Amino acid sequence: MKRNKPLALVAGAALLTLAACGGGSSDDGGTGSGSDREFGDQEGGTKDAERQGPAADVEGATPGGTITVYLPGDPGPDSLDPTGGWSVTGNSIQQALTSRSLTQYARDEEGQPVLIPDLATDLGTPNEDYTEWTFTIREDATWEDGKPVTAEEVAFGICRSLDSEAFPSGPGTEYSKHYFAGAEEYEGPYTSKDPKCENWDGVSVDGQDITIKMSVPFPDMDYWGAFMAMGPAPLGNASKPPNYGTQPLANGPYKVDSYKPNEELVLVKNDQWSADSDPGRHQYADSFVFKFNQDQAKVDEIMLSDNADSQTAVSTSLGSDKYNDANGQLGERLVQQTSQCVSTLTPDYTQITDINIRKALAYAYPYEDVWIAGGEVPGVTRVPANSVMPPGMAGKKDFQVDGEQITYDPEKAKALLEESGAEMPYPITMVYYEVDPLAKATQDQITKGFEASGFKVKAIPVQESPYNIWLDPDNKVNKQLNLRGVNWCSDWPAGSTMLPPLLKGGAVYNTALFDEPSVNDEMDNINTLPLEDQAAAWGDLDEKIMTEYFPIIPTAFRNDLFVFGTKVGNPTGDGSIGAPNYKDLYVMQ
C-alpha cells in the first residue's frame, strides 16, 4: 500500500500512504516532562474469527462533536471509489468510516491489529489447499439509503477489482488479477463491456454465501478481504466509474457530505448504519472534516496552541523542529505509530543499467538531512533501511548490501561513478511536489547531496501527486525521468505484499521498471511452497535481489507521529494501516 504524501514519495522523507499497511501499532506517549522514544518495530497481528457486533464501547466515550483532521503535505485520495483504494490516506479514512469489506481490523489492548469479520460473518472458510474460499455475508448490513447490502453486490464489487483499465492503480491489479481463477483473461465489467459480470465465473453466489476460486493457493485471502476492493458496489450504472468516485454510497457509520479533491472531505453520520451489524466500528463524533495539503508549520502552531481549533483536531504529522516541545508538552496526545513501511528511491532500471551507478545514488543520498528537511525525527520516525522488507516482518534478514549500512558518502559515490566509466557529472531527472514547502526543502537537500557526489540534478516541480506521474507510462514528464520513488507499506504482514508489488515485472508500483525473468519466476514459485517455508523464502529473495541487482534504494524504515487535541478522546494509532485510529475516536463533552 502506498503512502500518499508526495514529498515522501519523491524524497523518501515523509510517508504518503497506499492503503493496506500491515502490522501493529505502538503508543509510546510520554509524560508531561517528555518521553524517551525509540524507533519501534511493527509486529504481525492476531485473528478473532468469532468477533461479532456491536464493537465493545470505548471507555468514557461520549457522542457528538466534530473532529477535524489536518493532513500536512498530503493531497489525499484522487477518488473515493472503494475499488480503486490503495493508499494509506484514503484507505485509513474509508475503511474505518465509510466503506465495509469482507473482513476488517480491530485494535487489541496492546495496540496490535486483530483481523476480525466485517460484512462476512467470520473470516471465511478455505478448502484444503487454499484454492477456494467461501464467505457468508451477514444479513443486517445496509447502505446509506436503507437498502440491505447483498451477497450479489459484494460479488460485483469483487468483480470490479479485476478491471485494470478502470482502476489502473488499484490493489486488484496486484492481488485479484494474480490470485483469482480466470482473472488474467478477464478484463473486468467495464473494459470488457460486461456490466453484470456474467463472463467471469471466478466468484459465485449461493444465498448469502460467496465462493471465490483461486488460480494458485492463496492462504492470505482473509487478509486481502480487509481491502475495500473486497467489498460491495451497487449493481449496474449506479457504481460506474469515474463518477462513482466522487460520492460513493456508504455502508459504514459515516457517509460523504462533501468532497473537494486535494482540499477537503467532510463525513457525517450515516443514520442507516447499525452498530449491531459491525464488530469493529463506532459512531461517536457527529462528523469528521479532513483537510488535505495543509502547511506543516501552520498545523504545528495550531496543534501546540491548545486553542479552540486544536482541541478537537488531529494532525497526521509533526514537524521535526517542534518535536522536543511537543514531546514535553503533549504527553499521551503525541502518539508514535509503528508501521511496516519503507521509503525508496527507484532508479530507472532500463536506463541506469550499471549497478555501480545505482549504488552511487545510494551513497549520494543525504539521509538525515533529507529526513529533517521533510519534518522527520531521525531515530524516532525514520531509521536507515537495509532491505525492502521492513523490521518485524517474518522472514526479514539482517544483511547489508555492501557489508555495512550504506550512509551518505560523496567520495564513495564518486568512486563508484568513476568505476562505472559513466559521464560525470551523471545526469539525474526527477520530480518533486512543489505544493508542499517541506517537499521543496527536501528536494533541495537531495539536489545538494547528489551534486556533491558527482551527479547533475534536474528537479521538475509538479502540482499533482508524483504517483500520478510515475504510474502513467504515457505522461510526458514521466518519460523524462530516470529516478522515481515509492513509499510502501505492507498490505498484510508478509513479504508477498512487499516484493512483488515493488519489484515484479509489470507491477503497477514497480516504478524502477525492474524486470528479471528469473526473479519473477521465483516470486511465483514461493507462493507454491508450504506455508511454513514462505516467510524465509521471501527474506532470502529480498537479500538476493538487493545484493545481486540493487534495483531499488531503500532510504528509510518508517514510524509516524500523530498529534491529538485535548478534547479528542482515546488518542491512538491504527497499526493495521499506520494511521490515526479513526474508528475509536470521540469528542470529550
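The values are calculated or read from the model by the stated rules, or taken from the named source; none is laboratory data. This one's a predicted model, so the numbers in the text were calculated from it and none came from an experiment. Glycine also receives a Cβ, built like all others from the backbone with ideal geometry; neighbour counts cover every protein chain displayed.
Miscellaneous remarks
- Exactly one residue out of Lys240, Lys213, Lys255 is of a type in the set (Lys, Arg), crowded, with 19+ Cβ neighbours inside 10 Å and over 16 Å from Pro171 (Cβ atoms): that is Lys255.
- The numbered conditions (1) of a type outside the set (Phe, Trp, Tyr); (2) at pLDDT below 95; (3) surrounded by 19 or more Cβ atoms within 10 Å (Cβ to Cβ) are all true for Gly225 except (2).
- All conditions but one from (1) surrounded by 15 or more Cβ atoms within 10 Å (Cβ to Cβ); (2) modelled with pLDDT of 95 or more apply to Thr381; the one that does not is (2).
- When each of Asp560, Asp584 is tested for being within 22 Å of the chain's Cα centre (by Cα) and at pLDDT below 95, the lone residue that passes is Asp560.
- Residue count for the stretch 298-316, restricted to those that are modelled with pLDDT of 95 or more and either surrounded by 16 or more Cβ atoms within 10 Å (Cβ to Cβ) or touching a helix residue (DSSP H, G or I) at 6+ places or on another chain (Cβ under 8 Å) (or both): 12.
- Residues that are of a type in the set (D, E, K, R) and more than 23 Å from the chain's Cα centre (by Cα) within the stretch 267-283 comprise Lys269, Asp271, Asp276, Asp278, listed in sequence order.
- If the condition is being more than 20 Å from the chain's Cα centre (by Cα) and either under 23 Å from Ala250 (Cβ atoms) or small (Gly, Ala, Ser) (or both), then the stretch 104-117 contributes only Pro117.
- Residues in the stretch 295-308 that are of a type in the set (D, E, K, R) and closer than 19 Å to Glu332 by Cα: 3 in all.
- Yes/no for Ala166 being crowded, with 18+ Cβ neighbours inside 10 Å and farther than 22 Å from Asn237 by Cα: no
- Residues that are part of a loop (DSSP other than H, G, I, E, B) and either over 30 Å from Gly124 (Cα atoms) or at pLDDT 70 or above (or both) within the stretch 30-44 comprise Gly30, Gly32, Ser33, Ser35, Asp36, Arg37, Glu38, Phe39, Gly40, listed in sequence order.
- Sole exception among (1) within 19 Å of Arg358 (Cβ to Cβ); (2) buried (at least 20 other Cβ atoms within 10 Å of the Cβ); (3) in contact with a strand residue (DSSP E or B) (Cβ under 6 Å, 6 or more places away or on another chain) for Asn482, by number: (2)
- Single condition Glu144 does not satisfy, out of (1) of a type in the set (Asp, Glu); (2) closer than 14 Å to Ile212 by Cα; (3) in a loop (DSSP other than H, G, I, E, B): (2)
- Pick from the stretch 244-266, criterion within 20 Å of Ala166 (Cβ to Cβ) and assigned to a loop (DSSP other than H, G, I, E, B), ranking: nearest to the chain's Cα centre (by Cα): Pro261
- Selection of the stretch 102-123 for residues being surrounded by 24 or more Cβ atoms within 10 Å (Cβ to Cβ) and among the polar types (S, T, N, Q) yields Thr103, Gln104.
- Restricting attention to the stretch 504-537, the residues that are of a type in the set (A, V, I, L, M), in a helix (DSSP H, G or I) and within 22 Å of Trp488 (Cβ to Cβ) add up to 6.
- Residue list for the stretch 199-240, filter: out of contact with any helix residue (DSSP H, G or I) (no Cβ under 7 Å at 6 or more places or on another chain), assigned to a helix (DSSP H, G or I), more than 12 Å from Phe180 (Cβ to Cβ) and not aromatic (Phe, Trp, Tyr): Asp222, Gly236, Asn237, Ala238, Ser239
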